[in-house]
Amino acid sequence: MSAISADGLMAVERQVAPRSVRRWYRQPALAFGVVLLGLIVIAAVLGPLLSPYNPITQNLGQTLLGPSAHHLVGTDQLGRDTFTRLLYGLRNDLRIAFLAVVSPFCIGVVLGSISGYFGGWVDAVIMRLVDIVVAFPFYVLVIALVFVLGPGQRSIYIAITLVGWVSYARIIRSEILVAKRQDYVLAAQSGGLSAVRIMARHLLPNVVSQAIIYGMSDIVQDILAIVALGYFGLGIPPPTPDLGSMINDGQNFMTTHWQLTTFPGLVVVLVGLSLSLIGDGLADIIRPGQA
Amino acid sequence: MTIGDAGALSGAGTGGTVLEVRDLRVRIAARHGTVRAVDGVSLEVARGEAVGLVGESGSGKSMTLRAILGVLPPEAKVTSGQILLDGVDLVPLSNSDLNRIRGPKISMIFQEPMSALNPVMRVGYQIAEGPRVHLGYSKAQAAERALELMRRVGIPDPERRFRAYPHEFSGGMRQRVMIAIALSCEPEIILCDEPTTALDVTIQDQILRLLASLCRESGVSLIFVTHDLPVVAQLCQRVAVMYGGELVERGHVHDVLLDPRHPYTLGLVRSAPDVEYVRESLVPIPGSPPSLVSPPSGCRFHPRCAFVEQDCRVQPTPLRELPGGRYTACLHYERCEEALADRIRP
Amino acid sequence: MTFVFQRLLMLIPVAIGVTIVVFFMIHLIPGDPASTILGIHATPKAVAFLHHEWGLDRPLVSQYWLFMDRLVHGNLGQSLYYSAPAASIIATRIPATLWLLVYAVILAIAISVPLAMIAASRKDGVRDHVVRAVPLVGLGMPPFWLAILLIYAFAITVHWFPTSGYGAGFFGHLHSMFLPALVVAIALAPVVIRALRASMLNVLGAEYITTAKSKGVPAPRLFLRHVLRNAVIPAVTVLGINIGFLIGGTVIIENVFAIPGIGQLMISSIFQRDFPVVQGVTLVFGVLVVMVNLLADLSYAALDPRVRFDR
């Protein structure tokens with residue numbers, strides 16, 4: 001090789017490498033995200049084992065203590081150990097958020113497939129439905145629905161389902177619009193396969209990946225919504241620990257015990273970070289080169 | 001248009017060298033290695049002269065042009081050589097210095113006018129931009145100049161077309177707009193990167209005539225890159241042939257195309273349809289273009305050459321001067337003469 | 001002009017749908033809506049009054065008709081808490097929310113454009129990675145939490161900004177609303193930065209940028225008139241898609257900062273069980289989103305001449 005100019009050559013365009021080469025653990029961001037999420041999930045699952053304290057029982061003789069060897073993050077205004085409450089709150093909110101994605105995912109994917117595959121008036125109707133739901137700000141609709149249905153876990157699931165399916169429907173619909181023109185679909189159709197079979201066995205496996213990637217960011221959104229509801233007292237009723245209500249409780253003590261409000265928020269940020277990293281990493285693997 | 005009319009349209013150069021490229025080398029950083037896109041290219045363009053640069057895709061001809069103007073893609077760098085415009089070396093100049101000469105001294109026309117024009121900016125403003133930036137024209141003056149240029153390149157109804165957007169024009173018209181932009185600051189030399197390749201034949205002819213008349217009337221020099229030999233024949237006085245990043249032959253159009261002195265040029269000429277010569281069949285060049293990351297040793301063309309000999313595989317092949325102002329890189333160029341002798345039949 | 005007309009036409013079914021959803025909110029309430037709403041105040045007389053007021057004893061369709069009839073006359077019902085027409089209460093609160101929204105969008109653009117530019121100018125460089133990390137963190141951040149932190153930092157520790165309120169007069173608004181608008185802007189910025197960065201990278205690689213460079217266009221002009229002008233187009237689309245979030249975010253932020261806008265009205269009405277107002281505000285939000293989307297569509301057409309001529 002002849003000598004290359006000393007001022008160096010700039011970074012290269014990314015090339016598309018075959019899938020076998022792009023192992024997920026080779027991507028630092030994705031790996032970090034998975035590890036982080038793993039730690040978070042472990043902490044949530046093992047929560048009760050990681051701390052001897054009860055998150056609910058009040059201990060009015062020990063209120064508002066600072067961090068110490070006994071209480072890693074101190075105690076809150078009702079004498080409960082903050083660290084324990086963080087773990088339990090994480091546990092609850094995470095569980096609800098993960099479960100809350102399932103229904104919108106299923107409904108959205110089904111409706112989106114039908115809409116994209118059949119087109120025509122079915123498509124028009126479903127899309128108008130989407131437009132109507134989208135016309136309302138996400139938080140507004142969720143809060144209004146929870147208000148109407150009464151606070152509590154059940155309402156949260158219902159509200160999120162009613163509002164959240166639209167994004168999945170849109171994504172799947174546009175993927176299917178493109179995919180259904182592919183040759184393998186034509187082949188399946190000329191083979192006399194029923195529409196349902198084509199959609200379920202042939203189209204969906206190819207397009208569902210985009211919905212899964214979106215699902216990552218949707219979980220983050222749901223966590224934020226749950227935490228927001230908790231902050232306004234519309235979420236899981238106290239005394240069950242919930243990161244949102246913890247932030248609310250703690251804000252009055254901001255000047256003296258900032259950790260009461262800050263830490264729950266940080267936990268949410270970390271969860272969001274890990275999920276976003278995973279979502280981005282997956283997106284990179286499946287469609288490389290898109291920022 | 002036949003080869004016989006070579007260079008008739010644009011007239012001869014009027015003396016003085018506008019651009020001289022000396023031993024230019026461009027490297028591109030790629031994942032699989034360093035691509036030697038341009039590997040020691042030298043050429044000269046005289047005032048008012050049209051020089052053709054031919055070769056297949058990937059031969060390095062576009063890279064050469066972009067290197068001259070300093071608009072290489074970020075992964076590519078000029079690693080050695082000089083580019084002398086009116087005696088000033090462009091290689092070490094900074095981007096802001098280069099900006100001062102781009103437009104007034106040297107400009108470029110691109111292959112795909114649809115993607116080469118800003119889609120959200122009115123055509124008239126795009127033409128007027130050069131004079132505003134470089135010649136200090138006011139908005140009104142620049143607009144006047146743009147209209148004048150539009151008339152000169154043959155765009156009908158310029159007053160109305162001034163405010164139009166690129167997507168409202170046809171391909172040939174867009175190319176005329178590009179030419180107008182290139183002319184706007186009266187450069188000394190225009191680099192043309194396959195401007196007619198994307199156009200159909202009748203439009204192509206119009207554009208070539210336009211370029212030729214500009215060359216003749218204003219004394220603008222041209223470097224015309226193309227893979228299409230008849231086009232070179234129509235427009236240029238001299239031609240340089242590139243292969244695998246290197247120059248393999250150089251000389252006057254008549255000589256190079258009618259009487260090639262390099263097997264690659266011979267192959268190109270043979271594979272171009274031409275009704276003048278009776279031939280049994282079109283003869284394509286066998287094999288495929290060389291890797292620019294690890295090119296063949298010795299002469300880069302040797303794996304595909306019908307006349308290959310032992311020394312071709314090992315000896316370096318710089319351009320050597322032949323009598324009559326011709327240059328060739330082939331060690332055994334006489335074989336081309338012999339092959340041609342068989343070729344001409346009544 | 002036909003473009004605008006077409007867009008308006010497509011809004012009609014959506015607008016009707018919005019009213020249907022809002023109308024149905026009453027009927028989602030488990031049990032008898034009137035008694036549930038009134039809660040402990042549910043005297044038989046009060047319940048009967050509400051039944052009559054809302055036409056709950058009539059068939060569904062005629063209820064809807066009643067609802068729409070009132071709506072068209074600007075009557076959103078009577079606030080249970082304030083004993084005044086819901087419409088006028090809402091109307092007084094709208095300006096504050098609009099202020100917040102516009103301010104937030106301006107700040108979001110001011111944050112995103114430079115950051116996206118920094119990232120796009122040296123792709124995969126250090127600065128690019130730093131800028132790309134911002135959305136990752138930002139997307140997971142609860143806005144109200146950020147609000148609390150900022151209030152603590154800038155309003156309590158140092159008294160640069162008031163902790164709450166709308167302020168008086170133009171400059172008063174500018175001052176008081178800075179922190180709230182900043183929080184919304186930070187919530188919005190990640191999405192905009194990503195979209196802008198991607199579209200800038202796209203544009204930077206385009207042929208016409210090379211043409212402009214070959215014309216010798218100097219860097220600032222190149223950036224503004226050629227790169228940015230083209231790069232904003234897809235970003236406006238993304239902004240339009242996320243308007244729903246932007247507007248929804250105001251609900252939360254208005255509450256944290258005690259800004260007298262419709263978001264705060266919504267939450268307080270929820271706690272006051274003032275159903276007509278909640279319904280009215282939801283409707284207004286729906287209308288707002290639809291209008292802002294229209295605005296985004298129109299801007300898109302204004303920015304991209306290719307769209308205008310396509311049918």
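The values are calculated or read from the model by the stated rules, or taken from the named source; none is laboratory data. Keep in mind the model is a prediction, meaning the values are calculated, not measured. Neighbour counts run over all protein chains shown; Cβ positions are idealised from the backbone, glycine included. Heavy atoms of the whole protein, side chains included, go into the accessibility calculation; ligands, DNA and RNA do not. Shrake-Rupley method; radii C 1.70, N 1.55, O 1.52, S 1.80 Å.
Could you please give the count of residues in segment A:81-96 that are crowded, with 23+ Cβ neighbours inside 10 Å and not aliphatic (A, V, I, L, M)?
7
Is it fair to say C:Gly216 is more than 14 Å from chain A (Cβ to nearest Cβ) and either free of Cβ contacts under 8 Å to residues at least 40 places away in the same chain or open to solvent by less than 50 Å² (accessible area, probe 1.4 Å) (or both)? Quick ask: steps written out before the conclusion?
Numbers: more than 14 Å from chain A (Cβ to nearest Cβ): yes; either free of Cβ contacts under 8 Å to residues at least 40 places away in the same chain or open to solvent by less than 50 Å² (accessible area, probe 1.4 Å) (or both): yes.
Yes.
Any idea which residue in segment B:21-32 is nearest to B:Leu222 (Cα to Cα), counting only those that are open to solvent by less than 20 Å² (accessible area, probe 1.4 Å) and more than 8 Å from chain A (Cβ to nearest Cβ)? Talk me through it step by step, then tell me what you get.
To start, the set of residues in segment B:21-32 that are open to solvent by less than 20 Å² (accessible area, probe 1.4 Å) comprises B:21, B:24, B:26-27, B:29.
Adding the requirement that they be more than 8 Å from chain A (Cβ to nearest Cβ) leaves B:21, B:24, B:26.
Values: B:Val21: 14, B:Leu24: 19, B:Val26: 21 Å.
Once the filter is applied, the top-ranked residue is B:Val21.
Within segment A:235-252, track down each residue that is facing chain C (nearest Cβ under 8 Å) and buried (at least 24 other Cβ atoms within 10 Å of the Cβ). Walk me through how you get there before you give the answer.
Of the residues in segment A:235-252, the ones facing chain C (nearest Cβ under 8 Å) are A:244, A:247, A:251.
Listed by number, the residues that qualify are A:Gly244, A:Ile247.
Residues B:Val133, B:Val120: which one is at the interface with another protein chain (Cβ under 10 Å from one of its Cβ atoms) and surrounded by fewer than 21 Cβ atoms within 10 Å (Cβ to Cβ)?
Values: B:Val133 fails: surrounded by fewer than 21 Cβ atoms within 10 Å (Cβ to Cβ).
On inspection, the qualifying residue turns out to be B:Val120.
Quick check on my filter: what residues within segment B:204-223 are part of a helix (DSSP H, G or I), more than 19 Å from C:Lys215 (Cβ to Cβ) and open to solvent by less than 50 Å² (accessible area, probe 1.4 Å)?
Going residue by residue through segment B:204-223, those that are part of a helix (DSSP H, G or I) are B:204-218.
Next, from what is left, pick out any that are more than 19 Å from C:Lys215 (Cβ to Cβ): B:204-210, B:212-213, B:215-217.
Listed by number, the residues that qualify are B:Gln204, B:Ile207, B:Leu208, B:Leu210, B:Ala212, B:Ser213, B:Cys215.
Residue-by-condition table, conditions (1) in a loop (DSSP other than H, G, I, E, B); (2) β-branched (Val, Ile, Thr):
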residue	(1), (2)
C:Tyr81	yes, no
C:Ile90	no, yes
C:Thr97	no, yes
C:Val102	no, yes
C:Met117	no, no
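Of everything in segment A:97-137 that's closer than 30 Å to A:Ala44 by Cα and surrounded by fewer than 17 Cβ atoms within 10 Å (Cβ to Cβ), which residue is nearest to the other protein chains (Cβ to nearest Cβ)? Reasoning before the result, please.
Kept after step one, since they are closer than 30 Å to A:Ala44 by Cα, are these residues of segment A:97-137: A:97-109.
Filter once more, keeping what is surrounded by fewer than 17 Cβ atoms within 10 Å (Cβ to Cβ): A:98-99, A:102-103, A:106.
On the way: A:Phe98: 15, A:Leu99: 19, A:Val102: 21, A:Ser103: 17, A:Cys106: 22 Å.
Across segment A:97-137, the extreme among qualifying residues is A:Phe98.
Can you confirm whether segment A:262-284 contains a residue that is assigned to a loop (DSSP other than H, G, I, E, B), facing chain C (nearest Cβ under 8 Å), open to solvent by 10 Å² or more (accessible area, probe 1.4 Å) and not small (Gly, Ala, Ser)? Spell out the reasoning first.
As a first pass, look at segment A:262-284 and keep what is assigned to a loop (DSSP other than H, G, I, E, B): none.
Looking for residues that are assigned to a loop (DSSP other than H, G, I, E, B), facing chain C (nearest Cβ under 8 Å), open to solvent by 10 Å² or more (accessible area, probe 1.4 Å) and not small (Gly, Ala, Ser), one finds none in segment A:262-284, hence no.
So in segment B:292-304, with the set limited to residues that are farther than 16 Å from B:Leu247 by Cα and not β-branched (Val, Ile, Thr), which one is least open to solvent (accessible area, probe 1.4 Å)? Can you show your working first?
Narrowing segment B:292-304 to residues farther than 16 Å from B:Leu247 by Cα: B:293-294, B:303-304.
Restricting the remaining residues to those that are not β-branched (Val, Ile, Thr) gives B:294, B:303-304.
Numbers: B:Ser294: 83, B:Pro303: 86, B:Arg304: 29 Å².
Step by step, filter segment B:292-304, then rank; the result is B:Arg304.
State which residue is nearest to the other protein chains (Cβ to nearest Cβ) when the search covers only segment C:183-213 and only residues that are in contact (Cβ under 8 Å) with a residue 24 or more places away in the chain and open to solvent by 30 Å² or more (accessible area, probe 1.4 Å). Don't jump to the end; show me each part of the working.
Of segment C:183-213, the ones in contact (Cβ under 8 Å) with a residue 24 or more places away in the chain are C:183-204, C:206.
The next check asks that each one be open to solvent by 30 Å² or more (accessible area, probe 1.4 Å); those that pass are C:186-187, C:191, C:194, C:198, C:201-202, C:204.
Details: C:Ile186: 12, C:Ala187: 9, C:Val191: 10, C:Arg194: 7, C:Ala198: 4, C:Leu201: 6, C:Asn202: 9, C:Leu204: 9 Å.
Once the filter is applied, the top-ranked residue is C:Ala198.
Considering only residues that are within 20 Å of B:Leu210 (Cβ to Cβ) and of a type in the set (Lys, Arg), look in segment B:136-157 and name the one that is surrounded by the most Cβ atoms within 10 Å (Cβ to Cβ).
We begin by selecting, within segment B:136-157, every residue within 20 Å of B:Leu210 (Cβ to Cβ); these are B:145-157.
Restricting the remaining residues to those that are of a type in the set (Lys, Arg) gives B:145, B:151-152.
Details: B:Arg145: 21, B:Arg151: 13, B:Arg152: 18.
So, considering only residues that are within 20 Å of B:Leu210 (Cβ to Cβ) and of a type in the set (Lys, Arg), the one surrounded by the most Cβ atoms within 10 Å (Cβ to Cβ) is B:Arg145.
Among the residues of segment A:167-185, write down those that are surrounded by fewer than 24 Cβ atoms within 10 Å (Cβ to Cβ) and either touching a Lys or Arg at 6+ places or on another chain (Cβ under 9 Å) or closer than 21 Å to A:Ala100 by Cα (or both). I'd like the intermediate steps shown before the answer.
Residues of segment A:167-185 surrounded by fewer than 24 Cβ atoms within 10 Å (Cβ to Cβ): A:170-171, A:174-175, A:177-185.
A:Arg170, A:Ile171 - these are the residues of segment A:167-185 that are surrounded by fewer than 24 Cβ atoms within 10 Å (Cβ to Cβ) and either touching a Lys or Arg at 6+ places or on another chain (Cβ under 9 Å) or closer than 21 Å to A:Ala100 by Cα (or both).
This table checks each residue for (1) assigned to a helix (DSSP H, G or I); (2) touching a strand residue (DSSP E or B) at 6+ places or on another chain (Cβ under 9 Å); (3) more than 21 Å from A:Val268 (Cα to Cα).
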{"site": "C:Leu149", "(1), (2), (3)": "yes, no, no"}
{"site": "C:Phe161", "(1), (2), (3)": "no, no, yes"}
{"site": "C:Phe170", "(1), (2), (3)": "yes, no, yes"}
{"site": "C:Leu201", "(1), (2), (3)": "yes, no, yes"}
{"site": "C:Gly216", "(1), (2), (3)": "no, yes, yes"}
{"site": "C:Leu224", "(1), (2), (3)": "yes, no, yes"}
{"site": "C:Thr237", "(1), (2), (3)": "yes, no, yes"}
{"site": "C:Ile247", "(1), (2), (3)": "yes, no, yes"}
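Would you check if C:Leu115 is over 23 Å from C:Ile253 (Cα atoms), open to solvent by less than 60 Å² (accessible area, probe 1.4 Å) and within 14 Å of chain A (Cβ to nearest Cβ)? If you could, list the steps in order and put the result at the bottom.
On the way: over 23 Å from C:Ile253 (Cα atoms): yes; open to solvent by less than 60 Å² (accessible area, probe 1.4 Å): yes; within 14 Å of chain A (Cβ to nearest Cβ): yes.
Judged against the criteria, C:Leu115 is a match.
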